[in-house]
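Remarks on the structure that follows.
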Amino acid sequence: MKSKLKNTYRQVLRWGNPHYEEKLNEQGKKTIQELVGIPITEVNLPTFLPGEKEITLEKPIGLPPKYVLEFTDIVGAENIKTSDFDRVKHSAGKFYGELMQLRQEQVLTPPDLIITPIDEAQIETILQRCQQWKIPVVPQGLRSSVTKGVGLPDGGIALDLTAHLNQIISFDEVSQTVTAQSGITGPSLEKFLNSKGYTCGHFPQSFEFSTLGGWVAAKGAGQCSTGYGKIEDMVLSLKAYTPSGIIQNETYPKSAQGFDIMPLFIGSEGTLGVITQVTMKVRKLNVKNRRNACIIFKDFENAAAAMRACIQGQFGLPHLFRISDHEETEVAFRMKGFEGSFSDKALKALGYKPNNRSLMFISVEGDSDYTSFVVDKIKVTAKKFGGRSIGSKPTRKWLDQRYHSAYMREPLMDLGLMTDTIETAAMWYDIEKLWKNVRTYIKARPNTVCMCHISHVYENGANLYFTFITPTDKSAPSEDYKTFHSGLVDTILANKGSLSHHHGIGRALAPWMKDKLGERSFELMKSIKKDLDPNGVMNPGALFD
Ligand SMILES: Cc1cc2nc3c(=O)[nH]c(=O)nc-3n(C[C@H](O)[C@H](O)[C@H](O)COP(=O)(O)OP(=O)(O)OC[C@H]3O[C@@H](n4cnc5c(N)ncnc54)[C@H](O)[C@@H]3O)c2cc1C
């Protein structure tokens with residue numbers, strides 16, 4: 001659905017590349033219709049409006065004019081935005097509840113000002129003023145947060161770090177590190193590193209539209225995290241401005257200088273200060289050595305057991321290592337029109353039955369001897385669990401389209417379908433039960449698709465990532481989501497899952513933090529915040545309810 005108007009809610013809510021759109025083709029519509037079990041016409045609008053209206057805000061800027069003038073003096077008028085469109089654009093991330101609100105063309109709490117500081121000195125002054133005048137301030141990357149991490153419930157300042165603070169600062173090829181400003185986007189960082197023969201190794205699905213600062217602040221994980229590590233495994237040092245002063249650590253591979261302060265900022269979600277620079281490890285880019293494989297299993301339980309055997313096998317790590325459960329495999333097969341093909345018939349004949357079979361995707365990077373060795377070992381291990389290699393093409397295709405499925409949310413929401421994801425970490429011991437019980441909870445909704453994959457894998461456990469598509473209660477879509485989401489989080493916690501593995505907490509999961517972490521730990525976290533941000537102006541409401 002293309003908007004003819006400029007500056008619409010649709011432009012704010014839509015994901016990613018403004019020139020790229022995923023549409024549900026006939027095959028896709030047929031599949032969704034079969035999967036949700038009711039004709040698409042029945043779940044159709046007007047559940048969600050498309051958000052095609054031009055944005056006009058009822059709510060005027062709440063900050064007193066003298067403050068606006070002060071901020072203008074600090075950064076210059078060219079670095080302050082106040083248009084209705086910009087205020088709505090910076091009011092939300094990509095949390096499902098925010099998308100629904102944007103579709104309803106309601107933005108109740110926009111920021112007052114959007115400031116794009118040009119350097120660290122300006123950030124320092126802005127934070128001092130915010131502290132002094134008790135004005136909420138939210139550091140923002142590209143606002144891809146899916147946990148309501150970037151909104152401003154009480155107005156205030158959206159501090160956009162992407163406009164100017166987006167440069168490479170230094171590259172140390174001897175030590176294999178890069179230092180960059182936090183507002184740099186994934187593609188800019190990776191382009192620079194590729195030109196030197198290196199890669200950052202961090203590829204979240206939002207890679208093209210998220211920033212280094214956002215990755216660190218939300219404690220993210222990329223699609224190749226099994227080999228390259230999660231963001232906290234990559235960061236060696238950082239610099240952050242807090243209302244109480246600057247925190248910066250020196251760069252060492254490891255050190256023993258008392259307990260570390262730097263990790264406090266990884267996962268701080270803008271609540272402690274503004275991360276301005278990050279030094280991270282980089283790895284050699286060895287595209288030609290990359291080896292891909294795809295293996296099919298008779299069921300998800302065997303795929304998970306094989307995955308665990310591989311990761312605990314001590315023979316090396318794949319970079320991409322991912323298994324899809326039976327429903328995710330089925331949806332992928334149907335969407336791609338694989339069902340009924342010659343290969344499909346052959347697989348069925350071999351006992352890899354629809355609605356049971358489960359796919360594993362593998363990609364290994366590094367020295368060519370290493371990549372061949374690891375892939376071969378995975379294949380041998382998988383065989384013990386009934387896994388059958390089906391070539392490298394499905395994985396190559398998966399890698400080619402690795403950022404595309406994010407665009408499917410809009411056409412599905414256009415059909416009135418609640419479409420969201422939730423993810424958690426668990427120990428291997430608990431994973432199967434967690435998967436089954438969360439599925440049971442989700443599938444208790446009639447006509448619901450529930451897909452799951454494991455894609456961040458460790459010796460001791462893994463991340464479970466659920467995607468669900470379900471018709472929503474048209475009479476009360478917000479309430480319906482809220483109740484369902486809350487029960488979903490409770491189910492995960494009751495089955496020994498973490499609150500999050502890589503999306504972070506934001507405001508969406510903050511209400512569970514105290515119980516989950518325990519009162520003493522939670523109070524300690526709050527006292528650290530109180531020290532760095534005495535007046536509680538940094539991203540209020542995120543992390544701490
Ligand atoms: C389609 C889609 C796919 C996604 N896939 C993944 C995935 O595969 N892996 C993953 O980890 N996440 C994923 N995410 C979530 C999101 O992209 C990540 O959390 C990402 O790291 C956020 O980066 P950002 O630049 O957009 O940050 P924002 O969304 O702008 O901010 C996120 C949080 O970090 C804070 N913050 C941002 N920059 C700074 C800074 N410089 N200093 C201090 N605080 C700061 C903000 O205040 C906020 O609390 C996905 C999101 C979407 C919409």
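If the only charges are +1 at each Lys and Arg Cβ and -1 at each Asp and Glu Cβ, what is the size of the charge dipole of region 163-230 around the Cα centre, to the nearest 20 debye?
Here the size comes out at about 140 debye.
For the cross-link pairs 230/496; 29/379; 53/89, which exceed 25 Å when the distance is taken from alpha carbon to alpha carbon?
Too far apart for the 25 Å limit: 29/379.
Can you order the peptides 136-145, 389-398, 497-506, 182-191 by their average number of other Cβ atoms within 10 Å per residue, highest first?
Ranking, from highest mean packing down: 136-145, 497-506, 182-191, 389-398.
Measure out, as a whole number of angstrom, how far apart the alpha-carbon centroids of region 234-275 and region 400-473 sit.
Each part's Cα centre sits 32 Å from the other's.
Under a 5 Å amide H to amide H cut-off, with H placed in plane at 1.01 Å, what residues pair with residue 506 once short-range neighbours are removed?
Result for residue 506 returns 543.
Please list the non-local residues whose amide H lies under 5 Å from the amide H of residue 238, H modeled 1.01 Å from N, same-chain partners needing a gap of 5 or more.
Distant-sequence amide H within range of residue 238: 249, 279.
Counting only heavy atoms of the protein chains, get the accessible area per residue of the chain (1.4 Å probe) and round it to a whole Å² value.
Details: 23430 Å² over 545 residues.
Averaged over the residues of the chain, the accessible area is 43 Å².
Return the sequence-ordered ³J(HN,Hα) values of region 251-265 in whole Hz as given by the Karplus equation 6.51 cos²θ - 1.76 cosθ + 1.60 applied to θ = phi - 60°, using x for Gly and Pro.
Result, rounded to whole Hz: 9, 9, x, 7, 7, 10, 10, x, 7, 8, 8, 3, x, 4, 7.
With a 1.4 Å probe and all protein chains left in place, how much of the accessible area of the chain comes from carbon and sulfur atoms, in whole percent?
In the chain, the share of accessible area belonging to carbon and sulfur is 52 percent.
How many times 2.2 N^0.38 Å is the alpha carbon radius of gyration of the chain?
0.97
Ignoring everything but the protein chains, give the 1.4 Å probe accessible area of residue 244 in square angstrom, nearest 10.
60
Let me know the whole percent of all Cα-Cα pairs from region 29-169 that are separated by more than 23 Å.
43
What is the dipole size for region 107-217, taken about its Cα centre, with +1 at each Lys and Arg Cβ and -1 at each Asp and Glu Cβ, in debye to the nearest 20? Provide the component values of the computation, followed by the final result.
On the way: 6 positive and 10 negative charges, 48 e Å.
Using only the charged Cβ atoms, the result is roughly 240 debye.
Taking Cα centroids, how far is region 146-215 from region 51-94 in Å?
Centre-to-centre distance over Cα atoms comes out at 24 Å.
Let me know the charge dipole size of the chain about its Cα centre in debye, to the nearest 20, where only the beta-carbon of Lys, Arg (+1) and Asp, Glu (-1) is charged.
Approximately 1720 debye in magnitude.
Please give the contour-minus-distance gain from residue 260 to residue 440: 0.36 nm per residue of separation, less the Cα-Cα distance, rounded to one decimal in nm. Mind showing how you got there, number by number?
Working: separation 180, 0.36 × 180 = 64.80 nm, distance 4.13 nm.
Gain on stretching residue 260 to residue 440: 60.7 nm.
Report, in deg cm²/dmol and to the nearest 500, the calculated mean residue ellipticity at 222 nm for the chain, where each DSSP H run with n ≥ 4 adds -39500 (n - 2.57) and the sum is divided by the residue count.
So the calculated ellipticity at 222 nm is -10500 deg cm²/dmol.
Per the Kirkwood treatment, what hydrodynamic radius in Å, one decimal, follows for region 287-402 from the mean inverse distance over all distinct Cα pairs?
14.2
Which loop-located GluC sites (Glu not before Pro) does region 283-357 contain, where loop means any DSSP state but H, G, I, E or B and the Cβ has at most 16 other Cβ atoms within 10 Å?
When the GluC sites (Glu not before Pro) of region 283-357 are filtered for loop state and at most 16 Cβ neighbours within 10 Å, 339 remain.
Given a 1.4 Å probe and the protein chains all in place, what does the accessible area of residue 440 round to, in Å² to the nearest 10?
90
When N counts the residues of region 423-471, how does its alpha-carbon radius of gyration compare numerically with 2.2 N^0.38 Å, as a ratio?
Compared with the compact-globule rule of thumb, region 423-471 sits at 1.19.
With a length cut of 27 Å (Cα positions projected on each helix's long axis) and a Kyte-Doolittle mean of at least 0.5, go through the chain and give me the DSSP H helices that pass.
Numbers: long enough: none.
Span-like helices here: none at all.
How much accessible surface does residue 317 have with a 1.4 Å probe, in Å² rounded to 10?
70
What is the spin-label model distance, in nm, from residue 516 to residue 167 if the labels are put 7 Å beyond Cα along the C-beta direction?
In this crude spin-label approximation the distance works out to 3.8 nm.
Mean 1/r over all different Cα pairs, inverted: what Kirkwood radius does region 168-284 give, in Å? Walk me through the numbers on the way to the answer.
Values: mean 1/r = 0.0704 Å⁻¹.
Evaluated over region 168-284, this radius sits at 14.2 Å.
I need the peptides 308-315, 148-155, 507-514 ranked by packing, meaning the mean over residues of other C-beta atoms within 10 angstrom, with the highest value on top.
Averaged packing, sorted descending, gives the order 148-155, 507-514, 308-315.
Along the Cα→Cβ direction, 7 angstrom out, place labels at residue 84 and residue 250. What is the inter-label distance in nm?
5.5
Among the GluC sites (Glu not before Pro) within region 409-465, which fall in a DSSP loop and have no more than 16 other Cβ atoms within 10 Å of their own Cβ?
Within region 409-465, the qualifying GluC sites (Glu not before Pro) (loop, at most 16 other Cβ atoms within 10 Å) are 459.
Quick one: what are the phi-derived ³J(HN,Hα) couplings along region 404-413, Karplus 6.51/-1.76/1.60 with θ = phi - 60°, whole Hz, x for glycine and proline?
Calculated HN-Hα couplings, in order: 7, 5, 4, 7, 6, 4, 5, x, 6, 5 Hz.
The values are calculated or read from the model by the stated rules, or taken from the named source; none is laboratory data. The shown structure was predicted, so the numbers you read here are calculated from the model rather than taken from an experiment. For neighbour counting, all protein chains shown are included, and Cβ atoms are generated from backbone atoms with ideal geometry for every residue, glycine included. Keep in mind that these areas ignore ligands, DNA and RNA; they rest on the heavy atoms of the full protein, side chains included. Shrake-Rupley method; radii C 1.70, N 1.55, O 1.52, S 1.80 Å.
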